[in-house]
Amino acid sequence: MVIKYFFSAPKGDIPVGAEDLQRPFLMSAGERHPFLTLGDYFEAIKDFILRDHGMPLTAVLCEQFSVDIGPDSISEILIRTEKHGALYHLTSIEVIPGTQSLKMCVSTAVSANGKAWLKHECDLLKFLNSKLALPYLPVPYFEGDVKVYSDQGNESLSMFLTEWFENYHEWHLSMDKKGEKQGVRVWDLRNGHWFASKEQGFEIFRQASKILTLYYDTRDFNQIYPWHHAAGDFIVRSKGGIIDVKLTTARKYEPIMLFSSKDTIDPVVALTYFFLNLSIRMRLDRLDGIGVKAWADGFSVEALIHGFFEGLRIMEADGRYGLGQVRDLFSLVKGFDQEELAGLFYPLLDMYAKEDPGDFFVIQANLGSHTKELYEAIQDFHLRDD
């Protein structure tokens, strides 16, 4: 078995040299680990995916390829550093048994806070994939800790192996070269960054809204939250001109508003507030992912309405909606005048102010125009009967 280490790069993989392995391991962009090296990190990942004589890994391969594959069948493993986030370090793993290959993802946490979140997210992904069987979140395969020993100290790294969404890319709001026109820019590291067309941008926002709606629980008000475009939580693939969106993470799954009692709150009211919050959150980003706070143009409003009601209709067809008919909810929402719609946003403002003052400032500045655009888009929307 041959194991190779790489740095993932826009123009292709960069092999990791012997001198690179001696470099300090970075906990974050400017923070070095007290003693771990990059070599320690790569070796820990290798030990994790080959743990227990490679049996957990080969079990994944057998399931994915529907054939029996033993540890001796693996001829090559490619390990690539991909991204360093606030909590996790992401590495892609390409396992090559014979003429086939399977790409997966290893998330690694070093800090105590990161380890707690990693464990929580792994459990949540298992729960959501088991409960709903939707194809939008990565499938978790296995998890565990790896001990690293050195003369300077010992460290424990927490890891879990998940599905890798190949050829899906992060995207963000961006301005054109003249700084005059806003668009959706896809971070395609292989073929170069590209701006989505109007139709593609609409589709990205529509699908993201549908995905979040499909995970909403109308009985317990649980939802995937928080999420943020600035964090790259949604990724996109364009294949044959067809846009497909996935969600990379699920940090929490619980109600976002504190209701006095689940028995006294009307679930239709709770769903209405899910919709209103979705309409706000879907428009927030940072320019190019790291720039100033950004607010998506009006096309996103129509897109999120389409995605929201499409998600509900799917739930209704599957017997998972449980609140009567989706058409009744649409009639309710369409019946609000603009002033009533504006008043409904007020209970959300305190939550926004506490979560992120920067986002709150942008929301405040745009809430008036947003209410108008949302009202007009709802009036123009037609719920299909099929």
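The residues of the stretch 1-21 that are without any contact (Cβ under 8 Å) to a residue 24 or more places away in the chain, under 17 Å from Lys46 (Cα atoms) and surrounded by fewer than 14 Cβ atoms within 10 Å (Cβ to Cβ), listed by number, are Pro15, Gly17, Ala18. Could you check, for the stretch 264-287, whether at least one of its residues is at pLDDT 95 or above, farther than 19 Å from Leu128 by Cα, small (Gly, Ala, Ser) and in a strand (DSSP E or B)? No, the conditions are met nowhere in the stretch 264-287.
Taken over the stretch 246-305, residues that are of a type in the set (Asp, Glu) and under 17 Å from Phe234 (Cα atoms) amount to 2.
Of everything in the stretch 291-327, what is β-branched (Val, Ile, Thr) and touching a residue at least 24 places away in the same chain (Cβ under 8 Å)? Give them in sequence order. Within the stretch 291-327, Val301, Ile305, Ile314, Val326 qualify. Does the stretch 36-56 include one or more residues that are in a strand (DSSP E or B) and more than 25 Å from the chain's Cα centre (by Cα)? Yes, the stretch 36-56 has at least one match.
Only one of the listed residues (Leu374, Leu367) is under 30 Å from Asp318 (Cα atoms) and outside any loop (DSSP other than H, G, I, E, B). That residue is Leu374. Condition check for Tyr225 on (1) out of contact with any Asp or Glu (no Cβ under 6 Å at 6 or more places or on another chain); (2) over 20 Å from Thr248 (Cα atoms): one failure, at (2).
For Gln152, the test of being surrounded by fewer than 21 Cβ atoms within 10 Å (Cβ to Cβ), farther than 30 Å from Asn113 by Cβ and of a type in the set (S, T, N, Q) is failed.
If I filter the stretch 57-115 down to residues being touching a strand residue (DSSP E or B) at 6+ places or on another chain (Cβ under 7 Å) and acidic (Asp, Glu), which single residue comes out as nearest to Glu166 (Cα to Cα)? Looking at the filtered set, the residue picked out is Glu94. Leu102 passes every criterion in (1) of a type in the set (A, V, I, L, M); (2) surrounded by 20 or more Cβ atoms within 10 Å (Cβ to Cβ); (3) touching a helix residue (DSSP H, G or I) at 6+ places or on another chain (Cβ under 6 Å) apart from (2).
The values are calculated or read from the model by the stated rules, or taken from the named source; none is laboratory data. None of these values were measured; they are calculated from a predicted model. All Cβ positions, glycine included, derive from the backbone under ideal geometry; neighbour counts span all protein chains shown.
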